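*Asks:* There's a structure below that I have some questions on.
Throughout, read-outs are computed from the coordinates displayed, never taken from laboratory work. Remember, it's a predicted structure, so these values are computed and weren't measured experimentally. Neighbour counts are summed over all protein chains in view; Cβ atoms, including those assigned to glycine, are modelled from backbone coordinates with ideal geometry.
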Amino acid sequence: MEEKIIIYTDGACSGNPGPGGWGAILMYKGAKKEISGGKKDTTNNIMEITAVIEGLKQLKKQSEVQIYSDSSYVVNTFKQGWIYNWMKKGWRTASGEPVKNKELWQELYSLTQKHKVEFIKVKGHSDNEFNNRCDEMAREAIKKL
């Protein structure tokens, strides 16, 4: 059994919509890699999803991955099975509305199919050093825009 890769992610937005940033920390066998980026006109949710996508894109081979996010939106989409219902309904929500950020969800879904992925919710802005570091990187990315 190979070791798990741990990815912490966070997204931030200055105004919603507004300039946004994301940060991710990948950890494997004691090594740590930090990545981040931003977008001039975006939303908080887009940045949360983007952080996970960019983290998963770093993986070179099929892996077992734990993704830690403070975004209920991201975690529940997979943990509560919302994404499977959206796909069944032609990318519509339970109320029949088109799913927001559909292209990002489709990209994230296809990345999760390449790996064994577990989503874990963490409390945001509390005492989790890695979540706090991701938040810091996301905010630094906004400043660089």
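*Asks:* I'd like the distance separating the alpha-carbon centroids of the stretch 75-100 and the stretch 1-62, in whole Å.
*Replies:* The distance from the Cα centre of the stretch 75-100 to that of the stretch 1-62 comes to 22 Å.
*Asks:* Springs between alpha-carbon atoms under 10 Å, Gaussian network over the chain: tell me which of Gly15, Gly96, Gly30 tops the mean-square fluctuations.
*Replies:* Result for the chain, Cα springs under 10 Å: Gly30 fluctuates most.
*Asks:* Okay, moving on. Of the chain, which part is the longest with no trypsin sites (Lys or Arg not before Pro) in a loop (DSSP not H, G, I, E, B) and with at most 16 other C-beta atoms within 10 angstrom? Don't skip to the end; give the middle numbers.
*Replies:* Numbers: sites that count: Lys4, Lys29, Lys60, Lys61, Lys89, Lys100, Lys123.
Longest run free of exposed loop sites: 30-59.
*Asks:* Taking the Cα-to-Cβ direction at Lys121 and at Lys40 and moving 7 Å from each Cα, how far apart do the two end points lie in nm?
*Replies:* Label-label distance for Lys121 and Lys40, simple model: 3.6 nm.
*Asks:* Now for a different question. Could you give me the ³J(HN,Hα) list for the stretch 16-26, computed from phi with Karplus coefficients 6.51, -1.76, 1.60 and θ = phi - 60°, whole Hz, x at Gly and Pro?
*Replies:* Computed from phi, the couplings for the stretch 16-26 are 9, x, x, x, x, x, 9, x, 9, 10, 9 Hz.
*Asks:* Using only the Cα atoms of the chain, what do you get for the radius of gyration and for Dmax, in Å?
*Replies:* Radius of gyration, then largest Cα-Cα span, for the chain: 14.8, 45 Å.
*Asks:* So, R0 is 25 Å and r is the distance between the beta-carbons of Tyr109 and Glu136; what FRET efficiency does that work out to, to 0.05? Could the numbers behind the result be given before it?
*Replies:* Details: r = 28 Å, r/R0 = 1.14.
For R0 = 25 Å, the calculated efficiency reads 0.30.
*Asks:* If R0 is 30 Å, what FRET efficiency do you get for Gln58 and Glu97 from their C-beta distance, rounded to 0.05?
*Replies:* Values: r = 33 Å, r/R0 = 1.09.
Here the calculated transfer efficiency is 0.40.
*Asks:* A further question follows. When the chain is modelled as a GNM with alpha-carbon springs shorter than 10 Å, which of Ile120, Ile49, Ile67 fluctuates the most?
*Replies:* Checking each option, the largest mean-square fluctuation is seen for Ile120.
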